[in-house]
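> A single structure is presented below for examination.
Computed from the coordinates by the stated procedures, all read-outs in this text should not be read as laboratory data. Keep in mind it's a predicted model, so treat the numbers as computed, not measured. Here the Cβ is made from the backbone with ideal geometry for all residues, glycine too, and neighbour counts use every protein chain on show.
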Amino acid sequence: MGIMSVVTDMGRNVEDEPEPTWDEAVAALKAATPVEVVRSPREVTVVYRYTDGIFTATSPDVRGFRTTGRSLHETRSLVQQDLSQFLDPAVKVLERFPVPDREIRTSAAGCGWLKAASLPGMIVLSSSGTARTFVSSARASLRRVRAS
Amino acid sequence: MLIVDESIEAKIRDKHFPLTAEDVRQAVVYGRVISAGWDDNDEHGLRLVVRATTYAGVEFIAYLMPANEGDPEEGTFVLKTAIPKPST
């Protein structure tokens, strides 16, 4: 969500303006009339990826945020812990999970074995196309999954 | 909404390492605000002074000017500067 807008220079040379020191800024804040900051509903997006047996979570809204885990469950837990230290509690966290590779979907029985090693968490469709299995454990990369 | 002028972005990057305007924007928009207050300065006019912490853990005080002087509480601000807390 890109809230930041860049506007054209307003003609003032900000390089020439003296900057307050930290102590001056603290003093200014102490002397200021206190207000409660009320912000509109906000949300940040967390994107999960799965590569080489590791789940990685990043966010386009929080620079520098990156969390990894051996399972999706573990990674989500770490994300929650990490972001709760930073985010305003009113901010909603939207999670985007790995999308299944279409090539691993099967619509007919007997399509053979699917190699799990390179799969980003996987959805296997049964022959009826209704039953789905989401494999999120790192152990998925160590075994083969038969599509029924 | 927080408007960040390119010149302010450059100033913060150059003068207040490791702070960046984007870090400040994210913290002010999404982060926990420690405290805030209106500062009516003779030279600079009415400004919102905000103390918060970036995701990376850098505490700072930012000066925000209301974009609409006629309605300072309308909710749109222009970032004027941000001062990081000196590391001890």
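> Within 10 Å of each Cβ in peptide A:65-75, how many partner chain Cβ atoms are there on average? Round it to a whole number, please.
Numbers: counts 3, 0, 0, 0, 0, 0, 0, 0, 0, 0, 0.
Shielding by partners across A:65-75 averages 0.
> I've got another one for you. Of A:Lys92/B:Lys11; B:Lys15/B:Lys80; A:Lys30/B:Lys11, which ones are farther than 20 Å apart at the Cα? Write out the running numbers ahead of the final one.
Values: A:Lys92/B:Lys11 32 Å; B:Lys15/B:Lys80 13 Å; A:Lys30/B:Lys11 25 Å.
From A:Lys92/B:Lys11; B:Lys15/B:Lys80; A:Lys30/B:Lys11, over 20 Å: A:Lys92/B:Lys11; A:Lys30/B:Lys11.
> Further question: Work out the mean other chain Cβ neighbour count within 10 Å for the residues of A:53-63 and drop it here as an integer. Display every interim value, and only then the final one.
On the way: counts 0, 0, 0, 0, 0, 0, 3, 0, 4, 8, 8.
For peptide A:53-63, the averaged partner shielding equals 2.
> So if I place +1 on the C-beta of Lys and Arg and -1 on the C-beta of Asp and Glu, and nothing else carries charge, what would the dipole magnitude of chain B be about its Cα centre? I want it in debye, nearest 20. Present the calculation step by step, with values, prior to reporting the outcome.
Numbers: 9 positive and 15 negative charges, 106 e Å.
The dipole magnitude comes to about 500 debye.
> Round to a whole angstrom and tell me the spacing of the C-alpha centers of the stretch A:32-53 and the stretch B:11-29.
17 Å
> Let me ask you something else. Using only C-alpha atoms and all pairs of different ones, pull out the Kirkwood radius for chain B in Å with one decimal.
Working: mean 1/r = 0.0769 Å⁻¹.
About 13.0 Å for chain B.
> Using a 10 Å cut-off on Cβ to Cβ distances, tally the other chain neighbours for every residue of A:85-95 and report the average as a whole number. It would help to have the intermediate numbers written out before the result.
On the way: counts 5, 11, 6, 8, 1, 2, 4, 0, 0, 0, 0.
Averaged over the peptide's residues, the number is 3.
> In addition: Report the gain in length on full extension from A:Asp88 to A:Lys30: 0.36 nm times residue separation, minus Cα-Cα distance, nm rounded to one decimal. The partial results should precede the final answer.
Numbers: separation 58, 0.36 × 58 = 20.88 nm, distance 2.23 nm.
Gain on stretching A:Asp88 to A:Lys30: 18.7 nm.
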